[in-house]
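To start, the structure itself, in structure tokens.
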Amino acid sequence: MNNSGLPEGYEIATQNSRMLAWLMNFIWNFGVLFGALFLSVMGSTPTIPAVGALIMLIINLIVIPIMTGRTLGNFISRTRYITSADGKPNFIHGLLVNSVGLMSLVGISLVIFNMGSIFDDAGKVQPINIGFLVLGIIFVAVRIIDGRFKKNSDQNQGLYDMLFGAFLVKYVPQEGEELTGLAARLEGMANFGDSFTAKREESRLKKVGKAAIKAEEGATEPSEDSEEKKSEVSKPKAKKAKAKKVE
């Protein structure tokens, strides 16, 4: 496991940036794929959408990362992966990290489709179906483990980030770096991401402010229970005063 620490001069990507990167990658990677699956369920032949979904996956998981070292989600969220040695992670890291969601979906499908077909009609074990079932469980387990790693890491490193010593950081152009061609066009999409993260941050600050105001009001205003206790304490004193006058 290679995890020497975050290089100086970099800042870990915020939660909003991570969510935006995940959301954009998810929509691009699986949007058309889900459409193809829906057509298949409805009885249509989704050949063209399925081919289109495969091409979109290859573009975002292989082509763009090889050319730029980032995915569409990274461009829109202004993030990138770096190693503890201040370099770009190798291609295998990017492929594994960006395919965690896809493998999870494949794993769930394998479990669902093979769980009920471990035995044939004669009660004989089907080794192939058992193999696919185990493979599906492994894919789902990897997704869960990756999530646990991120939750327990101070720098939000997932399973593959830990193994390759990689960090998801805010993208800051290096001195003398000039984006051209495809990278320059994709970087222009980050304006949408800036607007998205700004709105989410504004919403978060409003919620924090409202919670603080409610906490202050709750601390300053006397509760109904305390008012009742005060009235109960004052009533016996009044009765004693009246008794003295009668005497």
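The values are calculated or read from the model by the stated rules, or taken from the named source; none is laboratory data. Remember, predicted model here, so these are calculated numbers, not experimental data. Neighbour counts are summed over all protein chains in view; Cβ atoms, including those assigned to glycine, are modelled from backbone coordinates with ideal geometry.
Check Val111, Val106, Val97 and return the single one that is part of a helix (DSSP H, G or I), among the hydrophobic types (A, V, I, L, M, F, W, C), in contact with a Gly (Cβ under 9 Å, 6 or more places away or on another chain) and under 30 Å from Glu8 (Cβ atoms).
Details: Val111 fails: under 30 Å from Glu8 (Cβ atoms); Val106 fails: under 30 Å from Glu8 (Cβ atoms).
Val97 is the lone residue from the list that is part of a helix (DSSP H, G or I), among the hydrophobic types (A, V, I, L, M, F, W, C), in contact with a Gly (Cβ under 9 Å, 6 or more places away or on another chain) and under 30 Å from Glu8 (Cβ atoms).
Return only the number of the condition from (1) farther than 15 Å from Ala21 by Cα; (2) at pLDDT below 90; (3) in a helix (DSSP H, G or I); (4) under 22 Å from the mean Cα position of the chain (by Cα) that Gln155 does not satisfy.
(3)
Looking at segment 24-63, which of its residues are aromatic (Phe, Trp, Tyr) and either modelled with pLDDT under 85 or over 12 Å from Asn98 (Cβ atoms) (or both)?
Scanning segment 24-63 gives Phe30, Phe34, Phe38.
What pairs come out if I take residues in segment 92-121 that are in contact (Cβ under 8 Å) with a residue 60 or more places away in the chain and on the phi < 0 side of the Ramachandran plot and pair them with residues that are crowded, with 17+ Cβ neighbours inside 10 Å and among the acidic types (Asp, Glu) whose C-beta lies under 9 Å away, six or more apart or interchain?
Pairs found: His93/Asp161; Val97/Asp146; Val97/Asp161; Val100/Asp146.
Can you list residue pairs whose Cβ atoms sit under 6 Å apart, with the first residue in segment 46-64 being outside any helix (DSSP H, G or I) and the second being hydrophobic (A, V, I, L, M, F, W, C) and modelled with pLDDT under 90? Count only pairs 6 or more apart in sequence or on different chains.
Pro46/Ala36; Pro46/Leu39
Does Glu232 satisfy the condition of being part of a helix (DSSP H, G or I) and at pLDDT below 70?
Judged against the criteria, Glu232 is a match.
Would you pick out the residues in segment 65-90 that are farther than 16 Å from Arg18 by Cβ, in a helix (DSSP H, G or I) and either modelled with pLDDT of 90 or more or in contact with a Gly (Cβ under 9 Å, 6 or more places away or on another chain) (or both)?
Residues satisfying the conditions are Pro65, Ile66, Met67.
Do you know which residues across segment 13-45 are surrounded by 16 or more Cβ atoms within 10 Å (Cβ to Cβ), part of a loop (DSSP other than H, G, I, E, B) and either of a type outside the set (Gly, Ala, Ser) or in contact with a Phe, Trp or Tyr (Cβ under 8 Å, 6 or more places away or on another chain) (or both)?
Hit for segment 13-45 is Thr14, nothing else.
Residue-by-condition table, conditions (1) modelled with pLDDT under 70; (2) part of a loop (DSSP other than H, G, I, E, B); (3) not acidic (Asp, Glu):
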position: Asp161; (1), (2), (3): no, no, no
position: Val172; (1), (2), (3): no, yes, yes
position: Glu177; (1), (2), (3): yes, yes, no
position: Leu182; (1), (2), (3): yes, no, yes
position: Arg185; (1), (2), (3): no, no, yes
position: Arg204; (1), (2), (3): no, no, yes
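Only one of these is surrounded by fewer than 16 Cβ atoms within 10 Å (Cβ to Cβ) and in contact with a helix residue (DSSP H, G or I) (Cβ under 9 Å, 6 or more places away or on another chain): Ile92, Ile64. Name it.
Ile92
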